[in-house]
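Let me begin by presenting the structure, written as structure tokens, before commenting on it.
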Amino acid sequence: MDDRRDLQYAMTTVLVKFIADHLPAVKASAVAETEAADVQAAYNALRLRVGTAPLSTLLNTKTAKEARRVLLKLLPVVQGPLRSLATKARNADLLARATLSSRQLRAMKPEELRDVSAALFDAADAQLPALANYALTAPVLAQLRARQQEFAGTVRTTGGLIDQRSTANQTVDDLLTALMQQVYELDKPMEVFRFLNEELYTGYKKARRVGGRSGSPAPATTPPTAPA
């Protein structure tokens with residue numbers, strides 16, 4: 001979520017510069033020129049509101065990613081012994097918690113991973129005497145749980161910083177939503193350059209991929225998130 005905000009902001013920054021550098025070529029399409037001007041105007045409005053927000057939240061984003069990486073690496077340390085205990089005791093509920101795959105865990109949203117991992121450690125605490133035979137003693141579990149708590153503390157941290165930045169009528173989220181929608185509108189007339197100017201089109205698509213994805217626009221009813 002927060003990463004996506006950073007990536008969208010990074011992408012639009014690169015895109016706006018690309019458009020400015022290649023405006024004479026873009027002007028071959030009057031509609032593309034108009035849409036490009038609207039992208040620039042929307043970006044300028046966002047830039048004024050964001051100020052140094054991307055820099056101020058960069059550390060939060062990196063911390064969250066590292067905490068998530070560490071937690072995902074350590075969860076199997078708890079899951080393995082719990083699976084063994086659950087199998088021996090025929091405890092279906094415990095087995096279900098302990099058999100979530102690495103792929104399933106990686107696919108979880110931050111809030112989901114926070115809650116699922118916390119429940120896993122709660123289950124481990126309930127099995128503490130038996131887990132001691134697996135070398136998962138109380139001190140070891142405490143160290144592992146500390147990594148889970150570090151990750152939990154990062155959830156929505158960056159978003160919280162962003163949400164604090166608002167005007168009387170428009171938040172950063174509002175402004176990025178408008179900017180991304182305008183970028184999606186520019187994507188349409190730029191398609192003509194697949195034929196008219198392949199070099200321009202290739203450069204445009206590359207700029208759209210920098211820091212994010214250039215794929216199909218999201219529906220208007222599902223607005224993009226704000227940048228960090």
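The values are calculated or read from the model by the stated rules, or taken from the named source; none is laboratory data. This one's a predicted model, so the numbers in the text were calculated from it and none came from an experiment. Virtual Cβ from ideal backbone geometry, glycine too; neighbours counted across all protein chains shown. Heads up: the accessible areas ignore ligands, DNA and RNA and are worked out on the full protein's heavy atoms, side chains in. Shrake-Rupley method; radii C 1.70, N 1.55, O 1.52, S 1.80 Å.
Largest first, how would S29, S102 line up by accessible area (1.4 Å probe)? Before the final figure, lay out each step's value.
On the way: S29 20, S102 65 Å².
In descending accessible area the options line up as S102, S29.
Using heavy atoms of the protein chains and a probe of 1.4 Å, the accessible area assigned to L120 is about 10 Å². Gain on full extension, evaluated as 0.36 nm per residue between R103 and V14 minus their Cα-Cα distance, stands at 28.8 nm. Net length available on complete extension from A126 to E111 is 3.1 nm, with 0.36 nm assigned per residue and the Cα-Cα distance removed. Each residue of region 144-150 was assigned a 3J(HN,Hα) from its phi angle through the Karplus curve 6.51 cos²θ - 1.76 cosθ + 1.60 (θ = phi - 60°); the sequence is 5, 5, 4, 5, 5, 5, 4 Hz, with glycine and proline shown as x. The accessible area of D93, taken with all protein chains in place and a 1.4 Å probe, comes to roughly 100 Å².
Proximity of backbone amide H atoms, modeled 1.01 Å from N, is registered between M108 and no other residue at under 5 Å, excluding neighbours fewer than 5 places apart on the same chain. All distinct Cα pairs of region 59-118 go into the 1/r average, and the inverse of that average, the Kirkwood radius, is 12.3 Å. Exceedance of the 26 Å cut-off in Cα-Cα distance is limited, within the set K73/K109; K73/K205; K17/K188; K27/K188, to K73/K205. Per-residue Karplus couplings for region 68-76, computed as 6.51 cos²θ - 1.76 cosθ + 1.60 with θ equal to phi - 60°, are listed in order as 5, 4, 5, 4, 4, 5, 8, 4, x Hz, Gly and Pro entered as x. Each residue of region 78-89 is assigned a 3J(HN,Hα), and the resulting list reads 8, 5, x, x, 5, 4, 5, 4, 5, 5, 5, 8 Hz, derived from the Karplus form 6.51 cos²θ - 1.76 cosθ + 1.60 (θ = phi - 60°), x at Gly and Pro.
For a paramagnetic label modelled on R47 (point 7 Å from Cα along Cα→Cβ), amide N atoms under 19 Å away belong, within region 178-206, to 178-184, 186, 204.
Distance between the modelled labels on A30 and N133, one decimal in nanometres: 8.2 nm (7 Å Cα→Cβ projection). Between R83 and T63, the FRET efficiency estimated from the beta carbon spacing at R0 = 30 angstrom works out to 0.50.
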